[in-house]
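Peer 1: Next up is a structure, given as structure tokens.
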Amino acid sequence: MLRHNLLLPVSTGNLLIETLPPIAERETLLSLIIPTYQERNSIAKIVPLLTSQLDRLIPNDYELIIVDDNSPDRTWAVAQDLTLQYPQLRVLRRTNERGLATAVVRGWQAARGQILGVIDADLQHPPEVLGQLWQAIESGADLAIASRNMDGGGVSEWSLLRRCLSRGAQILGLAILPESIGRVTDPMSGYFLLRRETIAGKVLSPLGYKILIEVIDRGEIGKIIEVGYEFQERQAGTSKVTWRQYIEYIQHLFRLRLARSGRFLRFIAVGLSGLVVDMSLLYLFSDAYTLALPITLSKILAGESAIINNFLWNDRWTFADLARTQTSNRQKFRRFLKFNLICSIGLTLNLAILHLIYNFVIHDRYIANLISIASVTCLNYWLNLKLSWRITDHRH
Ligand SMILES: Nc1nc2c(ncn2[C@@H]2O[C@H](COP(=O)(O)OP(=O)(O)OP(=O)(O)O)[C@@H](O)[C@H]2O)c(=O)[nH]1
Ligand SMILES: [Mg+2]
């Protein structure tokens, strides 16, 4: 007897992608998400096309997941009927959330593949390009993007207004988030494949349409390969793009910017708490009215206490998201040793810069001290981000 695939349960709570436990039997290699809203006519066309592509590329090693936001045209029910014919198709019907980007993440949460991907339902993304995207992943890319701005790429019949808006959005993105948007030619693409491990363990928080910028900015993405493609005209159904998507895009950029700067502000706050610890202990140990220990010994004890204070706060707060991926005591201790080492370099540098500025630039020890503390803090932050809390061994 033929049976429908049951609708998949929808995850709630954090948009966190789990690491797949290694399993002995054959794993699904690719999970391709097709987000839909009011696409009942499109899915009957795209599912067979994708199936014939993937049956040639990776037979029996893929799944298609339609994530429908409870469309009034009952796209989800049509999709579920299709599962009779296409058992590799799974369907998720969301009733409590809306939005393209979060739909994709909910789909990835239900996915079993080591490679995750996304494609629009409306045939604007040509299924043939999947072959090149797959090749890019096989050749070692972490992320393979179908791009309209590469050789062989383009937008077929877009109006001048839409072209300008799209370019304008890209330039704005470059201004606000250059380190991520600048890595690719088509950051607005909604057609790509990536390795699960690049986003596993991350809490994603996308807004609106642009899931790719979220992935590039929050993921640990190394090699990126882009493949040119021509964005096709819609064949059925209607566009869901409104002004709201442009506003949400800008909000999304600022959210990502703040998440990055927020970390820096937390680092500064922790640094200030360290300053308080250092000064108070220096007073407690060395002052004539308190313990009256020798000044050098007092300074070392106070400084080391501040370093421990800062490490604990940074580990639990500033870099908590990174620390969460490496929780064993050994890993924690290693982070602590590196932090200590970097802080002692910082202290030495602090003294050197202080003397340089004091002797050659501004003959005011307090201003010189402030400048040197500020510059060492920046260096300290950068070194700690790159060394102490760096993600190591994330690829097994
Ligand atoms: N689940 C879900 N899917 C959505 C939502 N909005 C759009 N989609 C789907 O996401 C894909 C892209 O949406 P489109 O409206 O085609 O956006 P576009 O391709 O950028 O714009 P057009 O060129 O105007 O079609 C389509 O498969 C839509 O059905 C949503 O809120 N939830
Ligand atoms: Mg479309």
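Peer 1: Hey, among Leu29, Leu50, which residue is touching a residue at least 40 places away in the same chain (Cβ under 8 Å) and more than 14 Å from ligand 1 (Cβ to nearest atom)?
Peer 2: Being touching a residue at least 40 places away in the same chain (Cβ under 8 Å) and more than 14 Å from ligand 1 (Cβ to nearest atom) holds for just one of Leu29, Leu50, which is Leu29.
Peer 1: Within the range 112-124, take every residue that is under 23 Å from the mean Cα position of the chain (by Cα) and not charged (D, E, K, R) and give me the one that is nearest to ligand 2 (Cβ to nearest atom).
Peer 2: Ile119
Peer 1: Still on this structure, I have one more. Scan Arg324, Arg330, Arg260, Arg335 and give me the residue that is surrounded by 15 or more Cβ atoms within 10 Å (Cβ to Cβ) and either in contact (Cβ under 8 Å) with a residue 24 or more places away in the chain or not assigned by TED's automatic domain parsing to the domain that holds Ile176 (or both).
Peer 2: Arg335
Peer 1: Right, Gly228: buried (at least 17 other Cβ atoms within 10 Å of the Cβ) and closer than 18 Å to Ile145 by Cβ or not?
Peer 2: So Gly228 passes the test.
Peer 1: With the condition kept exactly as written, say whether any residue in the range 268-283 is among the charged types (D, E, K, R) and within 16 Å of ligand 1 (Cβ to nearest atom).
Peer 2: no
Peer 1: Can you name every residue in the range 196-213 that is closer than 15 Å to Asp142 by Cβ and surrounded by 22 or more Cβ atoms within 10 Å (Cβ to Cβ)?
Peer 2: Hits for the range 196-213 are Ile199, Leu212.
Rundown of residues vs (1) of a type in the set (Phe, Trp, Tyr); (2) touching a helix residue (DSSP H, G or I) at 6+ places or on another chain (Cβ under 7 Å); (3) more than 21 Å from Thr242 (Cα to Cα), yes/no style:
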site	(1), (2), (3)
Ser166	no, no, no
Pro178	no, no, yes
Gly182	no, yes, yes
Thr185	no, no, yes
Met188	no, yes, no
Gly201	no, no, yes
Gly208	no, yes, no
Glu214	no, yes, no
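Peer 1: Continuing with this model, one more query. Could we say that Leu32 is surrounded by 15 or more Cβ atoms within 10 Å (Cβ to Cβ), under 26 Å from Lys210 (Cα atoms), away from ligand 2 (no atom under 16 Å from the Cβ) and within 28 Å of the chain's Cα centre (by Cα) here?
Peer 2: yes
Peer 1: Quick test for you: out of Arg218, Arg316, pick the one residue that is surrounded by fewer than 18 Cβ atoms within 10 Å (Cβ to Cβ) and either closer than 25 Å to Phe339 by Cα or within 16 Å of ligand 1 (Cβ to nearest atom) (or both).
Peer 2: Arg316
Peer 1: Turning to a different aspect of this structure: With the requirement that a residue be touching a helix residue (DSSP H, G or I) at 6+ places or on another chain (Cβ under 6 Å) and among the aliphatic types (A, V, I, L, M), what does the range 65-88 give you?
Peer 2: Ile65, Ile66, Val67, Val78, Ala79, Leu82
Peer 1: Looking at Gly201, is it at positive phi and either within 17 Å of the chain's Cα centre (by Cα) or of a type in the set (D, E, K, R) (or both)?
Peer 2: yes
Peer 1: For the range 185-198, which residues satisfy the criterion of being under 13 Å from the mean Cα position of the chain (by Cα) and among the β-branched types (Val, Ile, Thr)?
Peer 2: Hit for the range 185-198 is Thr198, nothing else.
Peer 1: Would you mention how many residues in the range 87-111 are surrounded by fewer than 23 Cβ atoms within 10 Å (Cβ to Cβ) and within 16 Å of ligand 2 (Cβ to nearest atom)?
Peer 2: 1
For every residue, the table says whether it meets (1) at pLDDT 90 or above; (2) crowded, with 20+ Cβ neighbours inside 10 Å.
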position	(1), (2)
Val184	yes, yes
Tyr191	yes, yes
Ile224	yes, no
Ser239	no, no
Tyr246	yes, no
Leu253	yes, yes
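Peer 1: Separate question: Starting from the range 226-248, take each residue that is in the same structural domain as Gln38 (by TED's automatic domain parsing) and under 18 Å from Pro35 (Cα atoms) and list its partners that are more than 8 Å from ligand 1 (Cβ to nearest atom) and in a helix (DSSP H, G or I), counting only C-beta distances under 8 angstrom and pairs at least six apart or across chains.
Peer 2: The qualifying pairs are Gln235/Lys45; Ala236/Asn41; Ala236/Lys45; Gly237/Arg40; Gly237/Asn41.
Peer 1: Hey, among the residues in the range 125-137 that are within 16 Å of ligand 2 (Cβ to nearest atom) and of a type outside the set (A, V, I, L, M, F, W, C), which one's farthest from Gly228 (Cα to Cα)?
Peer 2: Filtering first and then ranking leaves Pro127.
Peer 1: I want to confirm something. Restricting to the range 50-98 and keeping residues that are modelled with pLDDT of 95 or more and on the phi > 0 side of the Ramachandran plot, which single residue is nearest to the chain's Cα centre (by Cα)?
Peer 2: By that ranking, first place goes to Asn70.
Peer 1: Pick from the range 239-265 the residues that are within 16 Å of ligand 1 (Cβ to nearest atom) and aromatic (Phe, Trp, Tyr): which of them is farthest from the chain's Cα centre (by Cα)?
Peer 2: Top of the filtered list is Trp243.
Peer 1: When you scan the range 204-242, how many residues do you find that are among the small types (Gly, Ala, Ser) and within 16 Å of ligand 2 (Cβ to nearest atom)?
Peer 2: Summing the residues that are among the small types (Gly, Ala, Ser) and within 16 Å of ligand 2 (Cβ to nearest atom) in the range 204-242 gives 4.
The values are calculated or read from the model by the stated rules, or taken from the named source; none is laboratory data. For clarity, every value in this text was computed on a predicted model and none was experimentally measured. Every residue, glycine among them, receives a Cβ derived from its backbone with ideal geometry; neighbour counts consider all protein chains shown.
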